[in-house]
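So the structure is just underneath, and the comments pick up after that.
Nothing in this text is a laboratory measurement; each read-out follows from the coordinates by a stated rule. Owing to the predicted nature of the structure, the values given are computational and were not obtained by experimental measurement. For neighbour counting, all protein chains shown are included, and Cβ atoms are generated from backbone atoms with ideal geometry for every residue, glycine included.
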Amino acid sequence: MEKVQILESVETNCAKMTLRSDGIIRTEIVDNYDLEIDDARKLMDGYLKLGKGRKTPHLIVFKHMSMADRAVMKFMAEEANNFGKADAIVIDSKAQKILADFYILVQRPKVPTRFFTLEEEAIEWLHSQAESPE
């Protein structure tokens, strides 16, 4: 398997976003950060810049104890999902799992969305989604 390269990156106060050579945009949220709506808008700007208007698969890695509030989850489901093909979200705590379940059940994202504890599994799933028709 070919080594994945980083083609371009964007940094905000809450995350580092990278466009990978396999077409995935990887977003790593900083440790112990609570995302708010202004942060979500900055992340969407980063997706638009890196994706150049194309729908891309998104890998979102919430580091230890990072969270997103309800307004962010609603924004992701209603607005940000317009620019994605699939969302794989990596979490590592029970609190994040509770929020993940809430997001899926209540917000009902527009794109296929799954939560993982291992980044490698999330990437495999995104590759499988990229191969499926829109």
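Give me the tail of P(r) for the chain as a percent: Cα-Cα pairs with distance above 27 Å.
Every Cα pair in the chain considered, those over 27 Å come to 9 percent.
Return the calculated 222 nm mean residue ellipticity for the chain, to the nearest 500 deg cm²/dmol, obtained by summing -39500 (n - 2.57) across DSSP H runs with n ≥ 4 and dividing by the residue count.
My calculation for the chain gives -10500 deg cm²/dmol from helical runs alone.
Add +1 for every Lys or Arg and -1 for every Asp or Glu among the other residues with Cβ under 15 Å from the Cβ of residue 117, and state the total.
So the surrounding residues net to -2.
If each of residue 114 and residue 36 carries a label point 7 Å out from its Cα toward its Cβ, how far apart are those two points in nm?
Distance between the two pseudo-spin positions: 3.5 nm.
Lys pairs in the chain, Cα-Cα under 13 Å, at least 8 apart or on separate chains: how many?
The number of close lysine pairs in the chain is 8.
Between the range 11-29 and the range 34-103, what's the alpha-carbon centroid distance in Å?
11
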